[in-house]
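Got a structure for you, questions after.
The values are calculated or read from the model by the stated rules, or taken from the named source; none is laboratory data. For clarity, every value in this text was computed on a predicted model and none was experimentally measured. Surface areas here come from the heavy atoms of the whole protein model, side chains and all, with no ligands, DNA or RNA. Shrake-Rupley method; radii C 1.70, N 1.55, O 1.52, S 1.80 Å.
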Amino acid sequence: MSHHWGYVAVLFSAFLFGVWTTINKILLQSTSPLLIAAITYLSAGLVLACSNLFPTNARITSLFKLPPRTKTRLVWKDTVLILLIAFSGGVLGPYLFLVGLNKTTAVSTALLANTETLFTIGIAFIFLGERGRLKDYAAMTLLILGAVTLTTNLNFQTSVAQGTLLGNVLVVGGCLFWGIDNSLSRLLSVKRSLLQLGSLKGVIGGSLLLGIASLHGSQVIPTPVSIAYLVIVGVFCVGLSLLLFLFSLQEVGAMRTSVIFSTSSLFGVVSAFLILRESITFVQVAAGVMMLFAIYVLSIPPKRKELL
């Protein structure tokens, strides 16, 4: 298969994930963040699980060149890591992200989603003993500056008064837990496929969120139409987006895939502007460009001499 399909796949994956922010902003007008996170993640997890559970879907796994499971028996340590992945990436991450989105703009949320990259690298540096080069530390500094700029909009008092500061902080908090999820998934990826981990995270995390939502007496019961809409969003914007992302990893490599997928923030900003008619300030544009440039710098592979 031509590598061109790898580029097409990651672009479409970035598009789906980018517009997910705008779609969620619309859904939040009538549905709670808990229910949105629960139904979308549970439906995405069930769809991803089909590739592992149903023999009739083996062709899908082959088509997307997904890595096979290298270990099927669960040991206690793996079980603990899977539960931590589900809780951080399938419960706290999406819940904080959606609560924050409900309190701020879709434009700021789409751009702040880039902090997930910052936290993933930072956790690897602090806890996994990984070390970078000078350009990596400079890029991480740019990511931090961009995130701080977007969070405060360079006007702390106004952000507090409008309530957007809390929303932006919650979005960054959600990205922090997604970064933890990425780091833990990396530890388990040598034993299990990322597809399997994604399905477990969606099913376990979505089920926990659904249970919490059902115990929360103030939650509004969604209509069957709303539930069907949330399921479709979960299947495509979360489930299919992950499938396409994994396929691109196999076709064009992690570096190119990560750089191209960072354009999801641009798709999120454009969709928020066109659909929600949200305004885009110069500060947001500058901070967004700064963060995208930082991600590009982080993705540049080391020179041959540095590998020796």
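Can you sort 245, 125 by 1.4 Å-probe accessible area, starting with the largest?
125, 245
Can I ask one more? In the full protein assembly as shown, how much of residue 96 is accessible to a 1.4 Å probe, in Å² to the nearest 10?
Roughly 40 Å² of residue 96 is accessible to a 1.4 Å probe.
In terms of solvent-accessible area of protein heavy atoms at a 1.4 angstrom probe, what is the ranking of 5, 76, highest value first?
Working: 5 145, 76 195 Å².
Per-residue accessible area, sorted high to low, gives 76, 5.
Whole-Hz Karplus ³J(HN,Hα) for the range 264-273, in order, using 6.51 cos²θ - 1.76 cosθ + 1.60 and θ = phi - 60°, x for Gly and Pro?
Going residue by residue, I get 4, 5, 5, 4, x, 5, 5, 5, 5, 6 Hz, with x marking Gly and Pro.
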